[in-house]
């Protein structure tokens, strides 16, 4: 008789155990779903930032490829004389601005290995800002050197 009484007290233990396991699984499932959503948003942000960086890099290449950017030393880096080109990729959702300005002239850099008597170097500052979708932005800057005859 003693075992019958013991069994009647254990009837709700299985139900409580199953409910406890389901509650733990529900919490774990919601944590995984929230983490997946955050990772999705972060990967989208990385994609937009990479697009903006690519636009800025394309702007630098555009500036280097256009020889007309490096012929006029009158475009100094003074804020009153900007030489800015707006680059827009139609339908791509990216755009950028490229600034090229003259810094100074001097002897050629030693890495080029040309005669400083025959050539002089014109140093230009090239800035490029790329704009991607969803307000993503990236800026790049470099110095370019163009050789010219020493007169």
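All of the numbers you see were taken from the coordinates with simple rules; none came from a lab. This is a predicted model, so every value here is computed, not measured. FYI the Cβ positions are ideal-geometry reconstructions off the backbone, even for glycines, and counts take in every protein chain you see.
Summary of values
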| item | result |
| --- | --- |
| Sites residue 112 and residue 54 - FRET efficiency at Förster radius 25 Å, r taken between beta-carbons, to 0.05 | 0.30 |
| Cβ-Cβ FRET estimate between residue 37 and residue 135, R0 fixed at 30 Å, reported to 0.05 | 0.90 |
| FRET efficiency estimate (nearest 0.05) - Cβ-Cβ, residue 47 to residue 24, R0 22 angstrom | 0.05 |
